[in-house]
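Taking it in order: structure first as structure tokens, then the write-up.
Quick note: the coordinates plus some simple rules give every number you see, no bench work behind them. Computed from a prediction, not measured in an experiment: that's the story for all the values here. Cβ: placed from backbone, ideal geometry, glycine included. Neighbour counts: every protein chain shown.
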Amino acid sequence: MFWGFEPRRINLVEFLIATPEKALLDTFYFWRAHVTKERMDEMRFQNLDQLNVNKLMTYTERTKSKKLSKIINRYFIPLLHEEAA
């Protein structure tokens, strides 16, 4: 999954940094524990309103990962709706 990065430059150093959506997927990808609503609540995600949901869904589909699709659709998208309410 070597995509979802944007170039940045600080002084003379140029580097790539993951978009927020890609960083979120990477986090979920490396989770070993069973994912539950309680686990999602424990993470205390912040600034969710800054995520591009369309980009997140596109990235999720691009991974072709059942695990990531389940986490995003079953647990994370409902969390976004709770935050918006």
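Take every Cα pair under 8 Å in the chain that's 6+ residues apart, average their separations, divide by the length, and report that relative contact order as a whole percent. Reported relative contact order: 29 percent.
Our helix-only sum for the chain, with -39,500 (n - 2.57) per DSSP H run of n ≥ 4 divided by its residues, gives a mean residue ellipticity at 222 nm of -13000 deg cm²/dmol. Values of log10 I(q)/I(0) for the chain across q = 0.12, 0.15, 0.19 Å⁻¹ run -0.39, -0.58, -0.88, by the Debye formula with one identical scatterer at each alpha carbon and no solvent.
Taking a straight Cα-Cα cut-off under 16 Å and skipping sequence neighbours fewer than 8 places away in the same chain, the lysines within cross-link reach of LYS55 are LYS22, LYS64. Shape class for the stretch 7-52: prolate, because the ratio a/c of the largest to smallest gyration tensor axis (alpha-carbon atoms, square roots of eigenvalues) is 1.5 or more and a/b beats b/c. The trypsin sites (Lys or Arg not before Pro) of the stretch 1-67 meeting both criteria, a DSSP state outside H, G, I, E and B (loop) and at most 14 other C-beta atoms within 10 angstrom of the site's C-beta, are ARG32, ARG44, LYS64.
Taking LEU12, LEU48, LEU25 as the candidate residues, the one with maximal mean-square fluctuation in a Gaussian network model of the chain, Cα springs under 10 Å, is LEU12.
Rounded to whole numbers, the Karplus 3J(HN,Hα) couplings from phi for the stretch 44-60 are 6, 4, 10, 6, 5, 5, 8, 6, 8, 5, 4, 5, 4, 5, 4, 4, 4 Hz, using 6.51 cos²θ - 1.76 cosθ + 1.60 with θ = phi - 60°, and x at Gly and Pro.
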